[in-house]
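Below: one structure, written as structure tokens.
The values are calculated or read from the model by the stated rules, or taken from the named source; none is laboratory data. The structure displayed is predicted, hence computed values, not measured ones. When we count neighbours, we look across all protein chains shown, and the Cβ atoms used for this are built from the backbone with ideal geometry, even at glycine. These accessible areas exclude ligands, DNA and RNA; they are computed on the full protein's heavy atoms, side chains included. Shrake-Rupley method; radii C 1.70, N 1.55, O 1.52, S 1.80 Å.
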Amino acid sequence: MNRLASYLQAAPLALVFLLFFALPMVLVVAVSFFDYQSYQILIPAFTLQNYEDVFSSSTTYRTYLQTLQFCIVVWAITLVLGFTIAYFLAFHVRSLTWQIVLFLLCTIPFWTSNVIRMISWIPLLGRNGLVNSALLALGLVERPQEWLLYSDFSVILGYVHLYTLFMIVPIFNSMMRIDRAVMEAAYDAGASGWQTLVNVVIPLCKPGIAIGSIFVLTIVMGDFVTVNVLGGGQIASIGKAIWTELSYLQFPPAAANAIVLLGVVILMIVALTRLVDVRREL
């Protein structure tokens, strides 16, 4: 009877998982093996051509390489920013009220749409934007800087703006769980602030760092909105490639690309979970 009750309790969540995750994944896998033609959405005939196109195209490899470069750079920047901000909030802000207030300030950008936040960078970084106007007025440059917008720089800046909070939250959660007596013991043993950070704080924050890294890497791998808005159609990413195929109703190659992308993301998550025991944080 108890076993039946346990199954009944888990049934709603299992049903939601099957309907909104397992079933769509099965459909995507099935469609990835369909054939297609221009302006003809689906031809339900089994073929491996979609995967052959993915793995035989040099363009696809370059696109994945570009996306991985974005991931690594954005991960490094958000890790430094997220760790620094979380450290300040956890160890330098003593008042719980101020911790909450400052933490809420970090979340304010998330109260608006991603697209609106990305568009807001255009009048700042554009050729006649505020940044170029300020540089020209200060005499630091002789002409407007074209690389500020519709470039790798603007895409990375947009990613950092969007996803730093995903790194701050889990690291801050890890830091708040650290027993302050452990840090006091390190100071009493003669450890400097840097030694305490390296030998005490960072090791105890590894689960939070791993969770934040998973959030940032997986979101950047599949993002296409930021690349479209701040890349100006000149920057490639795998998420944008899938979106382009979908916009032309080429569902089978888009599904094949999505499955390959899912495999790459899963490998990244497995690598991170092998390095750090994330279950300690959950």
- Item | Any helices (runs of 4 or more DSSP H) falling wholly within the range 210-282 and containing at least 2 residues that are open to solvent by 40 Å² or more (accessible area, probe 1.4 Å) and not aliphatic (A, V, I, L, M) | 238-247, 251-275
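Counting only residues that are among the acidic types (Asp, Glu) and touching a residue at least 12 places away in the same chain (Cβ under 8 Å), which one in the range 113-159 is farthest from GLY232 (Cα to Cα)? Before the answer, list the steps.
Here is the first cut: in the range 113-159, the residues among the acidic types (Asp, Glu) are 142, 146, 152.
If we keep only those that are touching a residue at least 12 places away in the same chain (Cβ under 8 Å) as well, we get 146, 152.
On the way: GLU146: 12, ASP152: 10 Å.
Only one residue fits best here, namely GLU146.
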- Query: Restricting attention to the range 104-122, and to residues there that are open to solvent by 50 Å² or more (accessible area, probe 1.4 Å) and touching a helix residue (DSSP H, G or I) at 6+ places or on another chain (Cβ under 7 Å), which single residue is modelled with the lowest pLDDT?
  - Reply: PHE110
- Message: Residue under question is THR107, and the condition is that it be touching a residue at least 12 places away in the same chain (Cβ under 8 Å) and under 21 Å from VAL260 (Cβ atoms); does it hold?
- Response: no
- Only residues that are over 18 Å from the mean Cα position of the chain (by Cα), closer than 21 Å to ILE119 by Cα and in a helix (DSSP H, G or I): list them for the range 146-186, please. GLU146, TRP147, LEU148
- Message: When you scan the range 32-40, do you find a residue that is outside any helix (DSSP H, G or I) and under 22 Å from the mean Cα position of the chain (by Cα), even just one?
- Response: no
- Message: Consider the range 43-92. How many of its residues are under 30 Å from ARG177 (Cβ atoms), of a type in the set (S, T, N, Q) and open to solvent by less than 30 Å² (accessible area, probe 1.4 Å)?
- Response: 1
